[in-house]
Structure formats: C-alpha cells, structure tokens
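Quick note: the coordinates plus some simple rules give every number you see, no bench work behind them. Not measured: the values here are computed from a predicted model. Neighbour counts are summed over all protein chains in view; Cβ atoms, including those assigned to glycine, are modelled from backbone coordinates with ideal geometry.
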C-alpha cells in the first residue's frame, strides 16, 4: 500500500514509522551572500574530506529554515525577495493579483529581522 504526501511516496511500513514521530515537517531557508567553503578532515586515498560552508548567509539561511513549519516551508531573505521576478512574487487567484509571499519577523542574534515565507508550490523548469 502506498500514499502520497506533497509528491513524496512512502510505503505503509514507513508511514507507520512517521506516525510514531509525528510526521515530516521541514523548513528551507534561502539567503544571498559570500560563502567560504573549506575542505576539512584527514586526507586519504579515498578523498574522504568533508566540506564545511561558512558565512553569514549560510547561518542566516539556517536561522530562517529553523523558524519555518507547515504550511509555510519555504523562507527567503529580503535580498532574495527583492531580486525575484514578478511571476515568482505574484499569482492569479480567484481573478485577483495575489502576493504568494507573506512577511514574517523574528529575532536574529540582536536584531528583529524580516523575511518572506510561502506555502505556494511551483515546478522547476
């Protein structure tokens, strides 16, 4: 037996496991800025190093993601929002021009910051 949840298909056995843990909830945070990538670990013939991503935008994207939950699973910074094309900001719903993003404020380090979050889905082309 299979069921579908937001495009993901799970077997009945996995469904029972998710019931135990209360289902799947996630957040995706996106920001823009400089990122430094470091290769860390012990160098070996297997090229077994890990990559570590460092930068304000990495930390801020994680901060955004940690504050998101269903139904608003996608959040973006002001820097990303201000660079979106209008067809990624607005849609037609019931013959009205609707902003797909809602503003959301939260405390980040010492400041209150504003991000945008959405529950709209669109395909990647």
Theoretical FRET efficiency, 1/(1+(r/R0)^6), r = Cβ-Cβ of residue 43 and residue 104, R0 35 Å, to 0.05: 0.25
Stretch gain in nm, segment residue 113-residue 94, where the contour uses 0.36 nm per residue and the Cα spacing is subtracted: 3.7 nm
Ranking of 102, 123 by count of other Cβ atoms within 10 Å, fewest first: 123, 102
